[in-house]
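The values are calculated or read from the model by the stated rules, or taken from the named source; none is laboratory data. From a predicted model like this one, the values you see are computed outputs, not experimental measurements. With ideal geometry, Cβ positions are generated from the backbone for all residues, glycine too; neighbour counts draw on all protein chains shown. Heads up: the accessible areas ignore ligands, DNA and RNA and are worked out on the full protein's heavy atoms, side chains in. Shrake-Rupley method; radii C 1.70, N 1.55, O 1.52, S 1.80 Å.
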Amino acid sequence: LDTRKILELSDYGLSVSSDSSKKLVAFLERYDELNRASYPATRSSHHLGWQEQGGFLLPGAFYVGAEDDIGEVIIEAGQGARELDGGLATAGTYPDWLAAIDALKGHPLPFVALYASCAAPLLDILQQSAFVVDFNGETSQGKSTSLRLAASVWGRPEDDFPTCFHSWNMTPVWIEQTCGYLHSLPIILDETKKARNQEEVSQIIYEFASGHGRGRGAKLGGVTKTQTWRTIMISSGEGPLSEMSRHAGVRARVLSITGSPLGKGGGATAEYLREALARNYGWFGQRVIEYLMAIQVDWDQIRSMWAQTRDRYLMSSTGAVSRRHCASLAVLAVAAQICHHLGMPRPEKDPLELLLARLDVVDERADIPTRAVMDIVSWCSA
């Protein structure tokens, strides 16, 4: 609709000249005025997961409840987001994926990673804040395998792109943008030792727990849109993430699982799982979303189940940090019930009860001043 710029379209074959440009612009303006109400419109979104108008968006699929009349929603994002979409894919078969999970029955802790991965979309329903599930301990003990399990719920769990299985060797801006784009899907980051420095990890965890990125100014004035999310980060490293942060509030948002998820001699199991998951992935997450949309009228029952579970867990808590952890554990407990209802094999022992038994240690480690005094007294005694 610019008489000068429309002349540039002659380079692409449009029959327009300096004499006809005014008439052509007038024609296009009138054409737009008469037909604007008839143009087909499609809503778009800059992030996956739950949408403001309702429904849940995945690459290639938009899920709505039976009574929703929302229409289609498509993804409108840049090239980097498209690479993430490529990792949210399916391969192999669902029965073969279940067979791989069945091999874990004797190892309860990796199931926490599966529950956390499936629990990410529940946070919005339960109105709970983002939190972190942190697998930490010695190398070659099944931490990365647990993260691959979590990634396989939604897509490809391999090291190379496209993938759902990422490394801490990413910039803070990349992690922030990825959290904003995934929005309601878990972000999975392996090996904190690959991060550039410990302080950077601490800051990333602090911002992630807040549920939004940094506010930034725009180049031409004003401010850019702030990234937001409500999801779960699943991380691994040799040391606990909670020890890397100086912010007391962050400690209440990090569920630490210290030790070997696969136990001693779990190398053969880890190798089998890696090969099986490389061939079969991406099926279970879709089933979780389909189930949540199918029972949308019963979401109040899910909230009630979470509240009852949290209250039961609170009976085992001894301090402020463990009480906050009870809310996160209850989210995982609700996810576990949904997972097993949908056919996921059950572990021989309940991993959440194992974590619940360690809540007293959580409060002890969170009290940094008391720990410092105890260390001094212990050194003096020695």
Practice item. Report yes if residue 328 is of a type in the set (Ser, Thr, Tyr) and under 20 Å from the mean Cα position of the chain (by Cα), otherwise no. Key: yes
**Study point:** Test: residue in the stretch 42-50 that is more than 30 Å from residue 177 (Cβ to Cβ), open to solvent by 60 Å² or more (accessible area, probe 1.4 Å) and either assigned to a helix (DSSP H, G or I) or modelled with pLDDT under 95 (or both)
**Key:** no
Check your understanding: If you check residue 16 against the conditions, is it open to solvent by less than 90 Å² (accessible area, probe 1.4 Å) and part of a helix (DSSP H, G or I)?
Key -> no
Point to revise | Leading residue by the ranking (surrounded by the fewest Cβ atoms within 10 Å (Cβ to Cβ)) among those in the stretch 305-337 that are in contact (Cβ under 8 Å) with a residue 40 or more places away in the chain and outside any helix (DSSP H, G or I) | key: 318
Exercise for review: Considering only residues that are over 20 Å from the mean Cα position of the chain (by Cα) and of a type in the set (Phe, Trp, Tyr), look in the stretch 18-64 and name the one that is farthest from residue 87 (Cα to Cα).
Suggested key: 27
Review point. In this structure, does residue 268 turn out to be free of Cβ contacts under 8 Å to residues at least 24 places away in the same chain, more than 18 Å from residue 355 (Cβ to Cβ) and open to solvent by 20 Å² or more (accessible area, probe 1.4 Å)?
Key: yes
Check your understanding: Right, residue 201: without any contact (Cβ under 8 Å) to a residue 24 or more places away in the chain, farther than 28 Å from residue 342 by Cα and of a type in the set (A, V, I, L, M) or not?
Key -> no
Exercise for review: Filter the stretch 171-213 down to the residues that are among the hydroxyl-bearing types (Ser, Thr, Tyr), in a helix (DSSP H, G or I) and out of contact with any helix residue (DSSP H, G or I) (no Cβ under 6 Å at 6 or more places or on another chain), then identify the one that is modelled with the highest pLDDT.
Suggested key: 178
